[in-house]
Structure formats: C-alpha cells, structure tokens
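**Student:** Encoded as structure tokens, here's the structure I'll be asking about.
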Amino acid sequence: MRSHHVTLTRPALRAAALALFAAPLLAAAPAAAVEYDGNWQFTMSCTASGNQAAFTERFTAPVTQNAATRSRSGRTAQGLDESSRFNARIENGQMTATVERSRGNDRWSLRFAGPATSDTRFDLAGGIFSGDRQLRTCRLVAEAVSSAPGSLAATAPARAEAARQQLALAVAALAALEANAAAEIQALRTDLDLARFESVAMRAELDQRGAAIQALETRLRTAEGVATQAQAALTQAVATATAEIGQRDQRLAAAAGERTALQTRLTAAEAAVAPTQAQAQAQAQAAGTERTALQGRLTAAEAALAQAQSAATAERTALQGRLTAAEAAAAQLRTALETAQRELTEARAAQPPR
C-alpha cells in the first residue's frame, strides 16, 4: 500500500501555483533608484483655520533618483520677502515631503507622508506646523505626468504582459497539479478500499486469536485446579515427612543413650588396665637403668682398650717380649667387651616396647 504524505485541496493548489509564478514577477521589478522617476504634478490643499481660508496649490516638479526639489522666492504686495522650498523623498513605496516657507519674519512648514496607491499616484496626509505645533490639516496628492524609462509606470505594460504570460503558465501548471491531484485522490481511494479489506481480514484474525485466548484461559483454569490438588498432596507429604523425622529423632536419642553407656564401660575398662600399664612402665624404667650401667661399662672398657693399645704401641720396640702378654691382656679385654656388648643386646631385647 502506498504512503501519501500531503493532500492539497483545489484552493491550496491554486494558491501554490500563483505563489510559484509570482516570484519571477517580483524579481523582474526595476532598480529602486529610478522606480518613480519622471515629471510629477503635486496638488497641495489645506483646510480653513480661524480667519484664514482654505487654499489649494498645484505645481510640477521632476523626480530624479526618487527625489524632488523645488524652490521659489519673491516679494509680496506689502513689500515683504517671501520664499518656499519643497523637498520630497520616496523610499520603499512611501513618500515624505516638506515645504519650508517664510514671509518677512514669519516661519512655518508643511509636512506630509503617505504611501503609493499606484505606480503613478501617492496620497499623503499632513499639515501646517509652527515649530512642533500643528496649525492646519493638509493633504498632498502626487500624480505622474510623464514617466522616465525604467520607472514602474514606464515598465507597467511590459510587466503586465509578463504577468499575463506567467499567469497563463500558472493556470497550465494548476491544471497539471489538479490532474495529478485527481490521480492521487483516485490512488488514495484505492488504498482506502485495500485498507478496508485488510481491516476485515485483521478483524477475522483477531476473532480467531480471541477464541484461542479463551481456550488458553480454560486450560489455565484447569492447570490451576491441578496445581491446587498438587499443593494439597504436597502438604500431606510434608506432614508425613515431619512425623517420620520425629521418629528418627527419637531413634537418634536412644542411640545417643546407648553411646553414653558404652563410653562409661570403656572408661571402666581403661581404669582396670591402668595398673598393668604402670607395672610395664616400671619394668621399662629398670631396663633403662640397666642399659645405662652397661653403657658405662662399655665406655670404660673402650677407654681401657685405648690405653692398652697406646701403651703397647709406645713400648712395642723396647718391650717386644711383653707384646705377647699385652696381646693376651688385650684378648681378655676384647672378650670382656664382647660379653658387655652381648649383655647390652640382651638387655635391649628384654626391654618392652614403648
């Protein structure tokens, strides 16, 4: 299904087309420096005030570079010097004008401002001022008598023709946009029909899913019932196990009592064996004493043997005759040593193990 992000109504299409083709017209306007250049007629009129009657003055002045000036001077019938200086400036379609006047020692000014009502006319409002005080209400109308080449008035026919051509293009573009919009509307209607068809299919699928959900809910309720039964069975099993644990604790208590009795009997047996152990320890102590004595005798014998061997070696050369006797004594000493060693071995064998 296609996606449509923007939908334009017929008035919106017309406005878009006109805005599209108005931009080149605005861009084609002449430079602002000469847009109002030419000869202009100025009509200045002021209302009556007190004993001063209303009046209207007309004069012509050239506008160059969007500015106009005009000066005049003279002498009144009463012989007073009189002067008037007119200045006007046009900026952004707005004209401002001032007239500075004097007669003798009197000074006053006229000030005006107003917009362009067309390419060839300005309507300005203002008044006569003495300093900052307004004395009368006045109006100034500026109308183009002849326009300079390149000014808005001179280029108006060409711009109007260009505007007509652009408008024709805009109308053609509008027709194309309307045709595209009609095709888009038809496509949207087709998409809408498809969406409706899809919504019917989705509704059927939702109904099926709803039925499946109901079936699942039924199964859930059944499972909850089974779970309740299982919980009851578990509670019963816990109670049975608790009873069995109590019985096991009783058996353990009985076994603990029996162990205590056996421990008492073992202590009595150890007390009975204690005298026998003391006797064996006494015998072992006597054997140790005897061993010490034998070791002393062995040491003494070894010392005597050493003395004899030393004496025999010293006297070997001089007392060759006594060698036989010394060897006999040595043999006796060896015999004694062997006897002592044998007795030591027997004593060690007789010593009970520790």
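**Student:** Tell me yes or no: at least one residue of segment 75-95 is of a type in the set (S, T, Y) and touching an Asp or Glu at 6+ places or on another chain (Cβ under 7 Å).
**Tutor:** The answer is yes, given that some residue of segment 75-95 is of a type in the set (S, T, Y) and touching an Asp or Glu at 6+ places or on another chain (Cβ under 7 Å).
**Student:** Of the residues that make up segment 115-125, is at least one among the small types (G, A, S), over 29 Å from G50 (Cα atoms) and either in a strand (DSSP E or B) or outside the structural domain of A68 (by TED's automatic domain parsing) (or both)?
**Tutor:** There is at least one residue in segment 115-125 that is among the small types (G, A, S), over 29 Å from G50 (Cα atoms) and either in a strand (DSSP E or B) or outside the structural domain of A68 (by TED's automatic domain parsing) (or both).
**Student:** Also, quick follow-up: G131 passes all but one of (1) touching a Lys or Arg at 6+ places or on another chain (Cβ under 7 Å); (2) surrounded by fewer than 12 Cβ atoms within 10 Å (Cβ to Cβ); which number fails?
**Tutor:** For G131, the exception is condition (1).
**Student:** Based on this model, can you work out whether S151 counts as in contact (Cβ under 8 Å) with a residue 40 or more places away in the chain, hydroxyl-bearing (S, T, Y) and in contact with a Phe, Trp or Tyr (Cβ under 7 Å, 6 or more places away or on another chain)?
**Tutor:** Here the answer is yes, as S151 does meet what is asked.
**Student:** Give A349, A328 a once-over and let me know the one that is within 19 Å of G288 (Cβ to Cβ), over 60 Å from the mean Cα position of the chain (by Cα) and exposed (fewer than 12 other Cβ atoms within 10 Å of the Cβ).
**Tutor:** Only one candidate qualifies: A349.
**Student:** Here's a follow-up. Of the residues S73, S84, which is touching a Ser or Thr at 6+ places or on another chain (Cβ under 8 Å), within 19 Å of S109 (Cα to Cα), of a type outside the set (D, E, K, R) and loosely packed, with under 13 Cβ neighbours inside 10 Å?
**Tutor:** So the residue among S73, S84 that is touching a Ser or Thr at 6+ places or on another chain (Cβ under 8 Å), within 19 Å of S109 (Cα to Cα), of a type outside the set (D, E, K, R) and loosely packed, with under 13 Cβ neighbours inside 10 Å is S73.
**Student:** Just need a number here: residues in segment 42-64 that are over 18 Å from L140 (Cα atoms) and surrounded by 13 or more Cβ atoms within 10 Å (Cβ to Cβ).
**Tutor:** Qualifying residue count for the region: 1.
**Student:** Hey, can you tell me all the residues within segment 300-343 that are among the small types (G, A, S) and either in contact (Cβ under 8 Å) with a residue 40 or more places away in the chain or assigned to a loop (DSSP other than H, G, I, E, B) (or both)?
**Tutor:** Passing the criteria: A318, G321, A340.
The values are calculated or read from the model by the stated rules, or taken from the named source; none is laboratory data. All values derive from a computational prediction rather than experimental measurement. When we count neighbours, we look across all protein chains shown, and the Cβ atoms used for this are built from the backbone with ideal geometry, even at glycine.
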